[in-house]
1. Over the stretch 3-93, what is the relative contact order in whole percent, taking alpha-carbon pairs under 8 Å and six or more residues apart?
2. Applying 1/(1 + (r/R0)^6) with R0 = 25 Å to the Cβ-Cβ distance of Lys28 and Ile72, what FRET efficiency is obtained, to the nearest 0.05?
3. Please compute the per residue accessible area over the stretch 9-89 with all protein chains in place, 1.4 Å probe, rounded to a whole number of Å².
4. Within straight cross-link reach of Lys48, meaning Cα distance under 18 Å, which aspartates and glutamates are found once same-chain residues fewer than 8 apart are removed?
5. Report the gain in length on full extension from Phe64 to Ala15: 0.36 nm times residue separation, minus Cα-Cα distance, nm rounded to one decimal.
6. At 1.4 Å probe size, put Trp6, Trp74 in order of accessible surface, largest to smallest.
7. Hey, any idea what % of the chain's accessible area is carbon plus sulfur with a 1.4 Å probe?
8. With equal scatterers on the alpha carbons only and no solvent term, can you work out the Debye log10 of I(q)/I(0) for the chain at 0.22, 0.25 1/Å?
Amino acid sequence: MRIIQWNSAKCLGGAEYRTLELTEALLKDGDEVLVVCRKGTILESKIKQKQFNFISFRYSFLGFFKILFNLIKWKPQIIHVHSGKDYTYAVLI
């Protein structure tokens, strides 16, 4: 299954650790996972460290289209949003 894990928090807390743990578990089960995160955050550095596939973005008009273009190209079956403020973006996509 192709799954997006979307978390754009600035800091590293419970939801961010859950994103990392869930991504690891899904990959072990054989799923394809793409993590969407905010550019320049601690979460992005953790994702790089674990060598997960990811897209990082800045909150902007261009950032929205960067995500949109990549999601259209990647064609996920599930988009799992971990942050309330990202629901609007996810619904629009």
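The values are calculated or read from the model by the stated rules, or taken from the named source; none is laboratory data. Bear in mind the structure is a predicted one, so any value in this text is a computation, not a measurement. Every residue, glycine as well, gets a Cβ built from its backbone with ideal geometry; the counts of neighbours run over all protein chains shown. The protein model used for the area step is the full one, side chains on, heavy atoms only, and it has no ligands, DNA or RNA in it. Shrake-Rupley method; radii C 1.70, N 1.55, O 1.52, S 1.80 Å.
1. So the answer I get is 38 percent.
2. Values: r = 27 Å, r/R0 = 1.09.
In this case the efficiency is close to 0.35.
3. Values: 4970 Å² over 81 residues.
For the stretch 9-89, the solvent-accessible area averages 61 Å² per residue.
4. Glu16, Glu21, Glu24, Glu32
5. My answer for the length gained is 15.5 nm.
6. Working: Trp6 0, Trp74 50 Å².
Descending accessible area places them as Trp74, Trp6.
7. On the way: 3100 of 5490 Å².
Looking at the chain in its full context, I get 56 percent from C and S.
8. Debye intensities relative to I(0), on a log10 scale: -1.16, -1.51.
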